[in-house]
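What follows is a set of notes on a single structure, which appears directly below.
The values are calculated or read from the model by the stated rules, or taken from the named source; none is laboratory data. None of these values were measured; they are calculated from a predicted model. Cβ sites come from the backbone with ideal geometry, for glycine too, and all protein chains shown count toward neighbours. Side chains included, ligands, DNA and RNA excluded: accessible areas come from the protein's heavy atoms. Shrake-Rupley method; radii C 1.70, N 1.55, O 1.52, S 1.80 Å.
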Amino acid sequence: MIEIPSKYSPQNTEDKWYKKWLDKGYFHSEPDDREPYCIVIPPPNVTGVLHMGHMLNNTIQDVMVRRARMLGKNACWVPGTDHASIATEAKVVAKLKEEGIEKSSINRETFMEYAWEWKKKHGGIILEQLKKLGASCDWDRTSFTMDESLYESVIDTFIDLYNKGLIYRGVRMVNWDPKALTALSDEEVIHKEVQSKLYYLKYNIEGEPDESVTIATTRPETILGDTALCAHPNDERFTHLIGKNVIVPLVERSIPVIFDEYVDREFGTGALKITPAHDINDYNIGLKHKLETIDIFNDDGTLSEKAELYIGKDRFKVRKEIVVDLEAKGHLEKIESYINKVGFSERTNEVIEPKLSLQWFLKMEDLAKPALDIVMDDTINFYPKKFKNTYNHWMENVRDWCISRQLWWGQRIPVYYLPNREMVVAKSAKEAHEKAKQQFDLPNLKIEDLKQDKDVLDTWFSSWLWPISVFDGIRNPDNKDIKYYYPTDDLITAPDILFFWVARMIIAGLEYRKDIPFKNVYLTGMVRDKLGRKMSKSLGNSPDPIELINKFGADGVRVGMLLSSPAGNDLPFDEVLCGQGRNFSNKIWNALRLIKGWEVDESSCQPESSVISIKWFEAKLNNTLKTLEDHFSKYRISDALMVTYKLIWDDFCSWYLEMIKPTYQRPIDPITLAKTIAFFETLMKVAHPFIPFITEEVWHQLNERKDGEDIMISLIPERMRIDHQVMKQFDFAKEVIIGVRSVRSKQNIPNKETLELFIKKNDTEADTTFDGVVSKLCNLNKLEYVTNKVDGAKSFTIKSTEFYIPLSEKIDVTAEIEKLEAELKYTRGFINAVIKKLSNDRFVNNAPQQVVETERKKKADAEARIVVLEKQVKSLKT
């Protein structure tokens with residue numbers, strides 16, 4: 001026998017097998033005649049390192065991919081990273097500052113050289129960390145959204161959509177990030193409830209120095225950009241202001257009083273200051289009433305020269321100063337505490353500044369409708385279904401997508417401007433030059449006269465093409481990869497990017513492949529700590545995934561992540577779960593050592609108890625395979641793991657191995673051993689998608705294997721006929737064993753001491769199928785069927801069958817009567833609840849027939865049990 005270490009070592013096992021799988025090319029996929037199964041990874045930011053959300057998401061993806069591989073499909077899991085314009089540029093700018101270099105002091109080309117250098121050094125960290133988790137990605141297909149083919153695909157898409165009239169340039173109110181110095185889409189803004197202040201300010205009425213109008217605002221610094229004061233036309237409090245002007249405090253600017261039904265008469269004083277340059281609603285009112293627009297902010301959030309006062313100072317510093325000045329001038333009436341929602345940049349956590357800006361936009365309304373229909377009619381399935389409502393709300397209220405960003409790192413917008421202010425859209429400066437000469441009849445135009453747009457495209461404008469571009473389906477729409485792998489099968493992602501990414505991928509798929517990008521979307525929950533808080537660095541409640549893997553092993557962490565993570569529900573993570581996962585590996589390892597430690601006697605016969613035990617476990621295994629198929633078909637991955645866990649821990653280790661285990665220091669028969677090893681091999685196949693490392697190790701320990709006979713590429717066993725009868729028989733036998741063990745425990749009888757068990761016959765014929773197993777597991781020296789009660793014996797009842805265990809000491813009759821009467825009380829309460837349910841016509845008429853029959857059987861069993869218990873009580877009292 002090969003010496004098996006007493007303890008399982010995840011570190012040695014995991015590194016060894018992952019290297020072997022990689023060396024043998026098991027993760028790589030090429031189109032062939034098998035059914036494809038494809039997942040594209042939600043590309044993590046190239047700046048990122050592994051966090052708990054990644055762990056959950058990628059564990060689920062790996063389970064799905066490994067299972068598909070073992071179902072005989074050609075599985076392809078495409079990995080990659082996202083260039084993350086804002087986050088990466090911020091990292092590079094910070095690094096340059098450390099070296100004493102300001103971004104403003106270098107040109108674009110030099111900055112891009114630094115950015116690529118940074119990406120080369122740090123960009124692959126998260127993918128290497130995923131390998132530690134066991135991710136079976138096709139690493140040969142690793143993609144990056146700034147790779148040449150993906151970059152070119154983005155540019156081609158922009159040009160195509162522009163030529164279709166779907167992309168336009170215009171001045172619009174955008175969400176401006178003063179820290180990142182770029183516009184953001186609505187979806188990149190997080191609205192947080194904050195404790196603010198409401199400032200009540202007095203505006204003098206022009207020509208009436210003793211009269212004023214009070215307004216309420218949370219942003220007093222923006223009065224410097226006011227161009228009107230507005231009230232509701234039906235608000236009688238302000239009718240005296242019709243046709244009049246008021247004076248903006250401090251800057252003394254005269255502005256008109258206007259009236260609009262937009263005004264909420266209940267907010268503040270009922271009168272509003274209108275600042276078209278710095279509020280989206282004010283902007284719309286400004287357009288309607290043809291108001292002047294005064295932009296008082298620079299891009300970095302400091303005040304501009306148009307503000308006239310506080311020039312160059314930060315907006316929040318000005319807020320404090322202007323309140324003091326307003327009070328000094330008699331314009332501050334009062335200040336109230338106020339809770340309101342403020343927009344923050346998702347990337348930098350900076351307070352967003354609504355700002356008028358010249359940007360590029362993609363028209364979304366017509367593109368969104370087919371993408372909405374395809375989800376609502378379940379052509380694409382969402383798991384869980386509840387997220388269809390969220391998707392529907394977003395898509396029905398979609399706004400044009402601001403796709404330009406004021407950054408250097410990203411796909412540069414392919415628009416070239418001429419000296420005469422005309423523009424052309426083209427893939428290169430050379431192409432733009434030729435196009436401009438012809439289009440505008442400028443034969444003497446020089447290529448250096450063209451100036452390319454300085455902005456880059458939103459990062460999501462590249463990742464929305466991900467399922468297509470990773471297979472080069474934009475540039476080469478008929479290549480073998482895109483035709484074979486597209487549409488992909490499953491997308492596993494988080495609900496918070498349902499619109500950011502999922503919806504836009506569906507739009508892109510329908511636009512460029514005339515087909516959906518994936519068939520199913522599995523939406524994970526958020527990983528929270530055990531107190532229910534979101535995990536974050538600032539709270540210090542987010543463990544380092546790599547440290548967890550080092551402590552518990554990758555298999556242990558995978559099990560810990562999945563044990564309590566049903567689709568769409570948040571995962572309350574606790575390291576204890578990973579400990580449970582590690583214990584699961586240890587349980588499997590100990591079972592291996594037990595089996596491999598048995599000696600075999602080739603001449604010994606197989607005991608009847610082993611024959612029936614094998615028959616039962618075969619039925620249990622096939623029944624579990626059926627349950628697993630159902631769970632996977634409904635994307636209940638956590639449930640699938642729990643079923644597998646119980647099959648191995650409870651049914652195989654705790655019951656089956658005990659049932660067939662040879663007597664101490666005695667050999668086992670060859671038939672039982674062979675069947676047990678075969679069962680163990682099957683269990684390892686079933687568990688492999690969840691715990692790939694230990695299953696591969698145990699697989700090779702159980703039997704000698706040829707090169708390439710690895711569990712990772714083996715097939716999951718097919719489900720055979722399920723013997724429900726033998727499962728039912730064992731369930732009864734299990735209750736008998738538990739009953740006998742309970743008597744032993746309560747009477748402090750050592751396990752090594754043999755017992756006698758007498759079973760009182762009732763009207764039904766005795767089922768002796770598992771008597772041998774019962775005798776073995778209960779250490780009985782006699783198991784006998786009798787017709788009468790056994791005096792002076794401990795008793796227990798299962799359904800309507802009475803069991804007696806004679807004991808040497810005298811039975812405490814009073815205690816026995818109390819026990820039986822307590823059981824009678826419970827059973828009567830139970831039967832009353834069942835009778836109440838069966839008396840409910842709605843239940844009987846509407847519930848499935850099988851459910852109703854089950855309740856009727858419960859009633860009959862309880863009635864029979866009551867009869868037996870009453871007889872036992874009566875016999876003890878006489």
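Summary table below
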quantity: Long-range neighbours under 7 Å by Cβ, at least six apart or interchain, first residue open to solvent by less than 10 Å² (accessible area, probe 1.4 Å) and among the hydrophobic types (A, V, I, L, M, F, W, C) within the range 547-569, second assigned to a loop (DSSP other than H, G, I, E, B) and modelled with pLDDT of 90 or more; calculated: A554/G134; V559/F690; V559/I691; L562/F690
quantity: K596 more than 21 Å from the chain's Cα centre (by Cα) and open to solvent by 60 Å² or more (accessible area, probe 1.4 Å); calculated: no
quantity: Residue list for the range 822-878, filter: outside any helix (DSSP H, G or I) and either in contact (Cβ under 8 Å) with a residue 60 or more places away in the chain or closer than 28 Å to E802 by Cα (or both); calculated: T878
quantity: Verdict on M376 being in contact (Cβ under 8 Å) with a residue 12 or more places away in the chain and more than 25 Å from N284 (Cα to Cα); calculated: yes
quantity: Which listed residue is out of contact with any Lys or Arg (no Cβ under 7 Å at 6 or more places or on another chain), in a helix (DSSP H, G or I) and open to solvent by less than 30 Å² (accessible area, probe 1.4 Å), from L367, L407; calculated: L367
quantity: Candidate set from the range 749-807 (those that are open to solvent by less than 50 Å² (accessible area, probe 1.4 Å) and of a type in the set (K, R)); member that is nearest to I612 (Cα to Cα); calculated: K760
quantity: Yes/no for M55 being touching a residue at least 24 places away in the same chain (Cβ under 8 Å), open to solvent by 30 Å² or more (accessible area, probe 1.4 Å) and not charged (D, E, K, R); calculated: no
quantity: Tally of residues being farther than 12 Å from P256 by Cβ, buried (at least 16 other Cβ atoms within 10 Å of the Cβ) and either in contact with a Pro (Cβ under 7 Å, 6 or more places away or on another chain) or free of Cβ contacts under 8 Å to residues at least 24 places away in the same chain (or both) across the range 230-245; calculated: 0
quantity: Unmet requirement for K164, which otherwise passes all of (1) closer than 15 Å to W401 by Cβ; (2) loosely packed, with under 14 Cβ neighbours inside 10 Å; (3) touching a Phe, Trp or Tyr at 6+ places or on another chain (Cβ under 7 Å); (4) not β-branched (V, I, T); calculated: (3)
quantity: Matching residues in the range 670-680 - criterion: being in contact with a Ser or Thr (Cβ under 9 Å, 6 or more places away or on another chain) and open to solvent by 10 Å² or more (accessible area, probe 1.4 Å); calculated: P670, I671, K675
quantity: Meets criteria (exposed (fewer than 14 other Cβ atoms within 10 Å of the Cβ) and not charged (D, E, K, R)) for S105; calculated: yes
quantity: Positions within the range 156-209 being of a type in the set (S, T, Y) and touching a Ser or Thr at 6+ places or on another chain (Cβ under 7 Å), in sequence order; calculated: S196, Y199, Y200, Y203
quantity: Given (1) in a loop (DSSP other than H, G, I, E, B); (2) of a type in the set (S, T, Y); (3) under 19 Å from I588 (Cβ atoms), number of the condition T59 does not satisfy; calculated: (1)
quantity: Selection count, the range 33-42, where residues are surrounded by 24 or more Cβ atoms within 10 Å (Cβ to Cβ) and touching a helix residue (DSSP H, G or I) at 6+ places or on another chain (Cβ under 6 Å); calculated: 3
quantity: Subset tally (residues that are among the hydroxyl-bearing types (S, T, Y), closer than 17 Å to Q61 by Cα and touching a residue at least 60 places away in the same chain (Cβ under 8 Å)) for the range 631-646; calculated: 2
quantity: Those residues of the range 286-318 which are in a loop (DSSP other than H, G, I, E, B), of a type in the set (D, E, K, R) and open to solvent by 60 Å² or more (accessible area, probe 1.4 Å), in sequence order; calculated: K290, E292, D299, D300, E308, K313
quantity: Residue in the range 732-746 that is farthest from the chain's Cα centre (by Cα), counting only those that are farther than 13 Å from V774 by Cβ and either among the aromatic types (F, W, Y) or open to solvent by 40 Å² or more (accessible area, probe 1.4 Å) (or both); calculated: K746
quantity: Selection from the range 556-608 of residues that are under 30 Å from T663 (Cβ atoms), touching a helix residue (DSSP H, G or I) at 6+ places or on another chain (Cβ under 8 Å) and of a type in the set (D, E, K, R); calculated: K587, K596, D601, E602, E608
quantity: Strands (runs of 3 or more DSSP E) enclosed by the range 187-247 - at least 2 residues per element that are aliphatic (A, V, I, L, M) and closer than 30 Å to F499 by Cα; calculated: 189-205
quantity: Residues that are closer than 26 Å to L641 by Cβ and part of a strand (DSSP E or B), drawn from the range 25-56; calculated: P36, Y37, C38, I39, V40
quantity: Segments classed as helices (runs of 4 or more DSSP H), wholly inside the range 601-660, with at least 1 members that are under 21 Å from D771 (Cα atoms), modelled with pLDDT of 95 or more and basic (K, R); calculated: 608-633
quantity: Test: residue in the range 144-151 that is farther than 30 Å from Y26 by Cβ, modelled with pLDDT of 95 or more, within 31 Å of the chain's Cα centre (by Cα) and open to solvent by 50 Å² or more (accessible area, probe 1.4 Å); calculated: yes
quantity: Among (1) β-branched (V, I, T); (2) over 17 Å from F361 (Cα atoms); (3) open to solvent by 10 Å² or more (accessible area, probe 1.4 Å); (4) within 32 Å of the chain's Cα centre (by Cα) - the single one I492 does not satisfy; calculated: (3)
quantity: Search result, residues across the range 495-529 that are under 17 Å from the mean Cα position of the chain (by Cα) and part of a loop (DSSP other than H, G, I, E, B); calculated: T524, G525, M526, D529
quantity: Residue in the range 59-80 that is over 22 Å from the mean Cα position of the chain (by Cα), within 22 Å of P495 (Cβ to Cβ) and either surrounded by 23 or more Cβ atoms within 10 Å (Cβ to Cβ) or free of Cβ contacts under 8 Å to residues at least 12 places away in the same chain (or both) present; calculated: no
quantity: Complete set of residues in the range 260-285 that are over 24 Å from F316 (Cα atoms), open to solvent by less than 20 Å² (accessible area, probe 1.4 Å) and of a type in the set (D, E, K, R); calculated: D260
quantity: Of all residues making up the range 329-349, the number that are in a loop (DSSP other than H, G, I, E, B) and surrounded by fewer than 16 Cβ atoms within 10 Å (Cβ to Cβ); calculated: 3
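Conditions (1) open to solvent by 40 Å² or more (accessible area, probe 1.4 Å); (2) not hydrophobic (A, V, I, L, M, F, W, C), marked per residue:
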| residue | (1), (2) |
| --- | --- |
| I835 | yes, no |
| N845 | yes, yes |
| Q850 | yes, yes |
| R856 | yes, yes |
| L869 | no, no |
